[in-house]
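Colleague: Take this structure, written in structure tokens, and hold onto it; I'll ask about it next.
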Amino acid sequence: MSTKAVASEAGESRLDRVGIPHSLRWGFLGVLIFMTGNGVESNFIAPHMSSALGAAGAPLVPTIIAMYSLAVLIASYLSGALADLFGPRRVMLLGFGVWVVFEILFLLALSIDSVSLVFLSYFFRGFGFPLFAFAFLVWINAVSPRRRNGAAVGWFYVMFTGGLPTLGSLFAVLAIPAFGGGRLGEAATMWASLGLVTLGFMLAWFGVREPTGRLRLAPEDESALDVMTSGLRLTFREPKVAMGFLVRLINTAPEFGMFVILPSVIADEMGWGQSRWLVMTSVVYAGNILFNAAFGALGDKWGWTRTVRWFGVVGSAAGLLLWWYVPHMVPAGSDWGYFASLVAGTVFGIMLAGFVPMGAIMPALVPAHKGAAMAMYTTAAGGAIFLGTGVVAVMQPLVGNTGVVWTFVGLYACAFVMLHWLKVDQSDNAEQRETG
């Protein structure tokens, strides 16, 4: 079955022309609202759990959160594999159901101070949002015309990161005091997040009627086991898929590494305080969100691989060095020095958006196995957290923070080299030729 865009066949709308398939428009909005609900807790969940579980359970909170991240990583792979097997629409329903059931159990567990139930329910809730959001990303790749695939992926990330953590955190800032503040206000806000997640799902479920997402995407002659393991097998069988996986893994690893080493530098060493550090991270994320769609569209016009190489890799490496060295070159505690450091960090955040076309490159490498390719892409997105923090853990004792930064620059250099082998034909006719 051809996965050409339905919108292109029926006549293009204004949304089609900017990169959002008209047939999926309500799904994009659904992802934004769903991820807003998912991101409501992002800025207070750790201290909230510590307070709820008391002295006995508080030391386990970092482990609970780490295991949640592991569930996200596993679900990131499963989202693509299951979408290939059952169709993206069913996987989105599964993700919504998992999120709601285990969020309710999690909130009830917090209310009775049950450490074991909190651990289990929060772990399994981690499977929810990747199944919902990344299955929709597979749907986007199945429907969007290849010439605009980069822009479509860019718009997906505008919605994804616009919800988590941006609008989710803003909702929490307004809702917590409205519900009375403190631990009770936080708990009520998390209960309210159920409404946002449900609204996002309803918009996607009832608003999107595009037929491709209801169908199995994998070849009919492949067994369920073959489909579920196809991403792993592709990675070992196809060197280009393995390299694409590594490039996406490297993409945001420095972001998470800097979030480990920079807080003490900006807040304490440079004397700008925690509040200004939090403002800096918000601005960096905002810059990234604003440019996701722009770099996706640029990739469609200028070339996906070229955009990733020069803006994603070279641009991010330069921005990373600026974000590290500028704060050390300006007077500590000065307002203009903080502003200069803020600009440097924003350059890094903007250039990270240059990697957006990787979401179009990966499925284009193996068009007959888009779900499998996207499984590895989304797995790499989750794995970047572990790589980023792992580099800090291993390299910081050996070479210090500056050495950590240059280690990340070295990883970007590796990505630059690997991109030489990741060139794909972006024309709409290429997919028909490749799939026969």
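The values are calculated or read from the model by the stated rules, or taken from the named source; none is laboratory data. Just so it is clear, the structure is predicted and the values come from calculations on it, not from any experiment. Backbone-built Cβ (ideal geometry, glycine too); neighbour counts: all protein chains shown. Heads up: the accessible areas ignore ligands, DNA and RNA and are worked out on the full protein's heavy atoms, side chains in. Shrake-Rupley method; radii C 1.70, N 1.55, O 1.52, S 1.80 Å.
Colleague: For the range 219-228: of the residues being within 21 Å of residue 380 (Cα to Cα) and in contact (Cβ under 8 Å) with a residue 12 or more places away in the chain, which is nearest to the chain's Cα centre (by Cα)?
Modeller: 228
Colleague: Another question about this same structure. Among 76, 23, 50, 42, which is in a helix (DSSP H, G or I) and over 25 Å from residue 150 (Cα atoms)?
Modeller: None of the others qualify; the one that does is 50.
Colleague: Let me ask something additional. Sort out for me the helices (runs of 4 or more DSSP H) sitting completely within the range 309-424 that have 3 or more residues that are open to solvent by 30 Å² or more (accessible area, probe 1.4 Å) and either out of contact with any Pro (no Cβ under 8 Å at 6 or more places or on another chain) or closer than 30 Å to residue 279 by Cβ (or both).
Modeller: 316-329, 335-352, 370-418
Colleague: So, residue 104, is that one of a type in the set (Val, Ile, Thr), open to solvent by less than 30 Å² (accessible area, probe 1.4 Å) and either in a helix (DSSP H, G or I) or in contact (Cβ under 8 Å) with a residue 24 or more places away in the chain (or both) or not?
Modeller: no
Colleague: I'd like the residue in the range 185-214 that is out of contact with any Pro (no Cβ under 9 Å at 6 or more places or on another chain) and outside any helix (DSSP H, G or I) and, out of all such residues, is most open to solvent (accessible area, probe 1.4 Å).
Modeller: Ranking the qualifying residues of the range 185-214, first place goes to 209.
Colleague: Consider residue 354 against the criteria (1) at pLDDT below 95; (2) touching a Ser or Thr at 6+ places or on another chain (Cβ under 7 Å): it satisfies all of them except one. Which criterion is unmet?
Modeller: If we test residue 354 against (1) at pLDDT below 95; (2) touching a Ser or Thr at 6+ places or on another chain (Cβ under 7 Å), just (1) comes out false.
Colleague: So which pairs qualify, if the first residue must be in the range 57-82 and modelled with pLDDT of 85 or more, the second must be aliphatic (A, V, I, L, M) and open to solvent by 30 Å² or more (accessible area, probe 1.4 Å), the Cβ gap must be under 6 Å, and the two must be at least 6 apart or on different chains?
Modeller: Partner pairs satisfying both residue conditions: 57/115; 61/46; 81/228.
Colleague: Can we say residue 217 is over 30 Å from residue 111 (Cα atoms) and buried (at least 20 other Cβ atoms within 10 Å of the Cβ)?
Modeller: Here the answer is yes, as residue 217 does meet what is asked.
Colleague: Right, here's the next one. In the range 16-35, what count of residues is obtained for those that are open to solvent by 10 Å² or more (accessible area, probe 1.4 Å), at pLDDT below 95 and more than 15 Å from residue 210 (Cα to Cα)?
Modeller: The qualifying residues number 2.
Colleague: List, please: which pairs have Cβ atoms under 8 Å, are six or more places apart or on different chains, and start with a residue in the range 149-166 that is closer than 14 Å to residue 200 by Cα and at pLDDT below 90 and end with one that is open to solvent by 30 Å² or more (accessible area, probe 1.4 Å) and not in a helix (DSSP H, G or I)?
Modeller: Listed by first residue and then by second, the contacts come to 164/42.
Colleague: Can you name the residue in the range 134-148 that is in a helix (DSSP H, G or I) and touching an Asp or Glu at 6+ places or on another chain (Cβ under 7 Å) and, of all such residues, is modelled with the highest pLDDT?
Modeller: Restricting to residues being in a helix (DSSP H, G or I) and touching an Asp or Glu at 6+ places or on another chain (Cβ under 7 Å), the top hit is 143.
Colleague: Here's another thing I want to ask about it. Among the listed residues 175, 187, 192, 135, which satisfies the condition of being of a type in the set (A, V, I, L, M) and closer than 20 Å to residue 378 by Cβ?
Modeller: 135
Colleague: Also, I was wondering about something else. Limited to the range 314-346, what total is found for residues that are in contact with a Leu (Cβ under 7 Å, 6 or more places away or on another chain) and touching a residue at least 40 places away in the same chain (Cβ under 8 Å)?
Modeller: 1
Colleague: Does residue 170 satisfy the condition of being open to solvent by 30 Å² or more (accessible area, probe 1.4 Å), aliphatic (A, V, I, L, M), in contact (Cβ under 8 Å) with a residue 12 or more places away in the chain and in a helix (DSSP H, G or I)?
Modeller: When the stated conditions are applied, residue 170 does not pass them.
Colleague: Which residue is modelled with the lowest pLDDT, if the candidates are limited to the range 227-281 and must be polar (S, T, N, Q) and surrounded by fewer than 16 Cβ atoms within 10 Å (Cβ to Cβ)?
Modeller: For the range 227-281, the residue satisfying everything is 274.
Colleague: Now for a different question. Check 143, 91, 158, 61 and return the single one that is open to solvent by less than 10 Å² (accessible area, probe 1.4 Å) and under 23 Å from residue 42 (Cα atoms).
Modeller: Testing whether each residue is open to solvent by less than 10 Å² (accessible area, probe 1.4 Å) and under 23 Å from residue 42 (Cα atoms) leaves just 61.
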